[in-house]
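Okay, structure first, notes after.
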Amino acid sequence: MPATSVIGLQWGDEAKGKIVDLLTEKHEIVVRYQGGNNAGHTVKFDGKTYKLSLLPTGLLHSHVKSVIAPGVVVNPHALLKELDNLIAGGEDCLSRLMVSDRAHVICPWHLLEEAAFEAARGGNAIGTTMRGIGTCYREKMGRTHAIRIGDLILKDAFAAKVREIVPFKQKVLNALNPDGEQMNADQIIEEYSACAERIRPMVADTTAFLLNALDADKNILFEGAQGCLLDVDHGTFPYVTSSNSSGCGIHSGSGVPGRFIKNMIGVAKAYTTRVGGGPFPTELDNEIGERIRIAGNEFGTVTGRPRRCGWLDTVATRYSARISGVDSIVIALLDVLTGFDELQICEAYDINGTITRDMPSRCEDLAIARPVLRKIAGWSEDITGVKNFSDLPRTAQEYVKVAGELIGRKVSIVSVGPDRKQTIHVDA
Ligand code: GDP
Ligand code: IMO
Ligand code: MG
């Protein structure tokens, strides 16, 4: 059975959660394969709102097995807190979650190191979510002091690692900040071991599970976190996250070869948002941006920070769709653009007088890129109840068509509100 994947085409928060939830109906397994509790995926149905961070969105469906694959970084406290919230809300989800023994563990020193590194960058801070994501991935690549879920659940081996790592890390942290927090190895061992007891029943070789599931013709859905432009290799480096958040990360993060993914769905907002630092050519640091922020409720799910807002950038989204091998796209939050007399879409960049449709590799070049904007007439009708593409106002149809043409992919879904039902299947 071919697998499907949902990938963000911008800097995150494109409504991946809503789209994964929609598609989950037809899948038996949902997989998170990169990132960690830096993600915030919102799902709304039957008058209820769910906010998932580290957990796969599939957990909201009782027929689905949800997998946290090797490429994810796991904060055990955050995992259990999120699970407890779901259980308190009536979800019986413990038996439906599998956590890879190969996934890496976010430890207290990762959070302390990140705070020190971000502070040291001052005005050039990356603007991370402060969840220890980047420092945990750095540890994984460095190897010497990394801890995996498979180690966490072996009580004595875990304790020995913590006793070796803490004095080393404390020396580094004290050099960075002599007045900083002093870690207590015994306390860390006790707290993490208590988490390990609860996590142990969920720990599995998820790679073997997924490969066997493919052999058995099961339907698998891969849930991307963040977005292509935050990919550590292909995004707007260094203002990115520390994982491969484009389609490139599916194989390395899950162990499932890319050739099984036959349906790669890219999600883009009808405009653009970004949280944290870094260049953003179509940013609207004015009353139009503020109007979009209010209409779209653009405040971070994880950190509550106001999201920066701007026009749709099809240089960036076309690049994202191409590097991820996207088959079709979703244009989400179209309703947020209702009420503007005129809208604009970026179709090229002007970099020092050179017009280009290619994404510059250096963020210094992206920072001076001036967007070449195409003007499109707006619409004023309420579109939040529209079910068929042909019932959208003519100018809204035109907007979606132009977006699809400039991104270079067929638009398969238009989202006109946060609820599952507020979804238009184009050509359906
Ligand atoms: P994700 O990180 O990609 O899953 O996206 P987030 O959940 O962080 O952000 C998307 C936000 O937009 C959430 O608050 C959703 O409930 C909301 N949303 C999703 N689709 C639509 C839509 O079509 N219209 C509106 N107005 N809101 C939407
Ligand atoms: P979802 O899955 C939006 C951003 C942070 C920061 C940069 C690095 O909800 O789309 P990190 O903590 O990952 O080291 O921060 O990446 N960022 C996100 N922005 N949505 C997300 O996830 C994000 N995850 C990380 O704001 O700029
Ligand atoms: Mg989000």
Task: Sequence ranges 123-132, 81-90, ranked by mean other-Cβ count within 10 angstrom, highest first - done: 123-132, 81-90
- [ ] Take the solvent-accessible surface of the protein heavy atoms, probe 1.4 Å, and return the percent of it on the range 1-131 that carbon and sulfur atoms account for.
- [x] 54 percent
TODO: Over the chain, average the accessible area per residue using a 1.4 Å probe and give it in Å², no decimals.
DONE: 41 Å²
Task: Spacing of the two label points (7 Å from each Cα toward its C-beta) at HIS77 and ILE368, in nm - done: 4.5 nm
Task: Hypothetical label at ASN174: residues of the range 136-168 whose amide nitrogen lies under 15 Å (7 Å Cα-Cβ projection) - done: 165-168
- [ ] In vacuum, with every alpha carbon of the range 1-114 counted as one equal point scatterer, what does the Debye formula give for log10 I(q)/I(0) at q = 0.10 Å⁻¹? Two decimals, please.
- [x] -0.29
Open item on the list: Report the gain in length on full extension from ARG200 to SER252: 0.36 nm times residue separation, minus Cα-Cα distance, nm rounded to one decimal.
Closed with: 16.3 nm
- [ ] Kindly identify the range 104-199 as rounded, prolate or oblate by the Cα gyration tensor criterion: order the square roots of the eigenvalues as a ≥ b ≥ c, call it rounded if a/c is under 1.5, otherwise compare a/b with b/c, prolate if a/b is larger, else oblate.
- [x] prolate
Task: Percent accessible area from carbon and sulfur atoms, the range 268-425, protein chains only, probe 1.4 Å - done: 46 percent
Open item on the list: Only four residue types carry charge here, +1 at the Cβ of Lys and Arg and -1 at the Cβ of Asp and Glu. Report the dipole size of the range 104-199 about the Cα centre in Debye, rounded to the nearest 20.
Closed with: 380 debye
Task: Accessible-area order (highest first, 1.4 angstrom probe) of the listed residues SER245, SER380 - done: SER380, SER245
- [ ] Using only alpha carbons, build the gyration tensor for the range 24-73 and give me the equivalent ellipsoid semi-axes, biggest first, whole Å.
- [x] 19, 15, 6
Task: Listed residues LEU154, LEU373, LEU80 arranged by accessible area, highest first, probe 1.4 Å - done: LEU154, LEU373, LEU80
Task: Size of the chain as Cα extents on the principal axes (Å, biggest first) - done: 66, 49, 38
Task: From the C-alpha gyration tensor of the range 268-425, square roots of 5λ in Å - done: 25, 18, 15
Task: Spacing of the two label points (7 Å from each Cα toward its C-beta) at PHE237 and GLU164, in nm - done: 3.0 nm
- [ ] Work out the length of the dipole vector of the range 39-159 about its Cα centre, built from +1 on the beta-carbon of each Lys and Arg and -1 on the beta-carbon of each Asp and Glu, and round it to the nearest 20 debye.
- [x] 260 debye
Task: Charge sum, other residues only, whose C-beta stays under 15 Å from ALA115's C-beta, Lys/Arg counted +1 and Asp/Glu -1 - done: -1
- [ ] Could you compute the FRET efficiency for SER390 and ASP419, with r as their C-beta to C-beta distance and R0 at 35 Å, rounded to 0.05?
- [x] 0.95
- [ ] First check a/c for the range 53-152, with a ≥ b ≥ c the square roots of the eigenvalues of its C-alpha gyration tensor; if it is under 1.5, answer rounded, and if not, answer prolate when a/b is larger than b/c or oblate otherwise.
- [x] prolate
Task: Within the chain, percent of DSSP bridges classed antiparallel, to nearest 5 - done: 40 percent
TODO: Before rounding to the nearest 500, sum -39500 (n - 2.57) across all DSSP H runs of length at least 4 in the chain and divide by the residue total; then give [θ] at 222 nm in deg cm²/dmol.
DONE: -10000 deg cm²/dmol
- [ ] Which order do the peptides 18-24, 290-296 take when ranked by the mean count of other beta-carbon atoms within 10 Å per residue, highest first?
- [x] 18-24, 290-296
Task: Most positive-pole-ward Cα, ASN352, ASN124, VAL203, against dipole of the chain from beta carbon charges - done: VAL203
Task: the range 107-142-the range 263-305 distance, computed between alpha-carbon centres (Å) - done: 23 Å
Task: Where HIS61, HIS251 fall by accessible area, highest first, once all protein chains stay in place (1.4 Å) - done: HIS251, HIS61
Task: For the chain, size of Cβ-based charge dipole, Lys and Arg +1, Asp and Glu -1, in debye - done: 560 debye
TODO: Of the options PRO238, SER252, PHE280, report the single residue whose Cα projects farthest towards the positive end of the charge dipole of the chain (beta-carbon charges: Lys, Arg +1; Asp, Glu -1).
DONE: SER252
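The values are calculated or read from the model by the stated rules, or taken from the named source; none is laboratory data. Small disclaimer: the values here were computed from a predicted structure and weren't measured. All Cβ positions, even for glycine, are placed from backbone atoms using ideal geometry, and neighbour counts span all protein chains on display. The accessibility values were calculated without ligands, DNA or RNA, using every heavy atom of the protein model including side chains. Shrake-Rupley method; radii C 1.70, N 1.55, O 1.52, S 1.80 Å.
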